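Notes for the one structure printed next.
The values are calculated or read from the model by the stated rules, or taken from the named source; none is laboratory data. For clarity, every value in this text was computed on a predicted model and none was experimentally measured. Because the Cβ atoms are built from the backbone with ideal geometry, glycine has one as well, and the counts that use them run over all protein chains shown. Note: areas computed on protein heavy atoms with side chains; ligands, DNA, RNA excluded. Shrake-Rupley method; radii C 1.70, N 1.55, O 1.52, S 1.80 Å.
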Amino acid sequence: MKSEFTLKLERCKGCGICVAFCPKKVLEIDTLGKVVVARPEDCIACGQCELRCPDYAIFVDKLKEAAK
Amino acid sequence: METRSYEKYFRQNRLPHLWCPGCGNGIAMKAIVQAIEHKEGWTQDNTIIVSGIGCSSRASGYMDFDTLHTAHGRAIPFATGIKMANPELNVVVITGDGDCTAIGGNHFIHGCRRNVDLTVILFNNNIYGMTGGQASPMTPLGKKATTAPYGSIDRPFDACKLAEAAGATYVARSTAFHVQHLVKMIEDGMDCKGFSFIEAMVQCPTAYGRRNKIGEPAKMMAWMRDNAVMKNAWDKLPDDKKTAEKFPIGLFYKAETETYDSAYHRIQEMAGVTA
């Protein structure tokens, strides 16, 4: 895994912007209308989801080489 | 997780904000705080956020600076007052398309004309979102609103052209999709001494997108991605390719003229007033 996700779910409104702009289709909206990291192993830590999240609910950190 | 450095500029106890799911205002608000963060010497103590009334203007309540939430359309006069009283302060105005070009239209053009040293960021969502989706002066032709159920027949303002014609010294546009570009445009506007105007196109999925069947927030952002053309490319674009949907983004105009506070200071000296 290349990345570590932090979700602040109390902020998430399930608008789906992160889901739509993820180039690797890592994210999904669950039945409760919140974001869920469905395929974390596919994430390339590009940060597109964090960049455009209007509610500051999703954060992606690239894992450092040493931590692998 | 590494704590994001911009988070300290938000009033954490006020988040999550009240904007609708997928509203672009949140993206634009974050762009503003990131631009302030990049600016050397701009702190929470010497930066003032002034806003009018409307969805966009709720932003001042979430930002941890000295903030002022003012009367509808009157953000620029309040900001002018702050700047005149203390020219050392950095004054940022957050306004919306209705607030800035309808109710505050005159304040806007006269702020530009006087070249007050402000940074004005207009969140353009093409509609009056908060009051239920009435058509604003920036609702595009033919688009539906509660007050234009068959489509708007009022030709919209191009706020950037309006600002330039009225005398603003920095005029730029960006969108909620082009986040880094938006941050850069705001940052450059803050650098500019004088009236800086930045139009941030944001999506309003609830009042505008839904009524016009544009769909989800992500689709509205994809529309921005597909139709925004960088200024350099726009200038080279043949006229037949400049369809109604396409619009230019980037820096449109930049100039240097005496700011209002320095002109006023000059007058004060002539009159022998010691501030």
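Tabulated data for the structure shown
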{"read-out": "Residue within the stretch B:76-97 that is open to solvent by 10 Å² or more (accessible area, probe 1.4 Å) and at positive phi present", "value": "no"}
{"read-out": "Condition met for B:ALA168 (in a loop (DSSP other than H, G, I, E, B), in contact with a strand residue (DSSP E or B) (Cβ under 7 Å, 6 or more places away or on another chain) and either in contact (Cβ under 8 Å) with a residue 40 or more places away in the chain or farther than 28 Å from B:THR80 by Cβ (or both))", "value": "yes"}
{"read-out": "Exclusive hit being surrounded by fewer than 17 Cβ atoms within 10 Å (Cβ to Cβ) and either assigned to a helix (DSSP H, G or I) or in contact with a Phe, Trp or Tyr (Cβ under 8 Å, 6 or more places away or on another chain) (or both), set B:ASP154, B:ASP226", "value": "B:ASP226"}
{"read-out": "Cross-chain or 6+ apart pairs with Cβ under 9 Å, the stretch A:11-36 first and facing another protein chain (nearest Cβ under 7 Å) and part of a loop (DSSP other than H, G, I, E, B), then open to solvent by 70 Å² or more (accessible area, probe 1.4 Å) and not acidic (Asp, Glu)", "value": "A:GLY14/A:LEU32"}
{"read-out": "Condition check for B:ALA102: buried (at least 24 other Cβ atoms within 10 Å of the Cβ), of a type in the set (Gly, Ala, Ser) and in contact (Cβ under 8 Å) with a residue 24 or more places away in the chain", "value": "no"}
{"read-out": "Any pair with Cβ under 9 angstrom, 6 or more apart, that starts in the stretch B:1-17 at a residue that is within 12 Å of A:TYR56 (Cβ to Cβ) and facing chain A (nearest Cβ under 7 Å) and ends at one that is open to solvent by 80 Å² or more (accessible area, probe 1.4 Å) and in a loop (DSSP other than H, G, I, E, B)", "value": "B:LEU15/A:GLU10; B:PRO16/A:GLU10"}
{"read-out": "Hits in the stretch A:3-15 (condition: surrounded by 15 or more Cβ atoms within 10 Å (Cβ to Cβ) and charged (D, E, K, R))", "value": "A:GLU4, A:LYS8, A:ARG11, A:LYS13"}
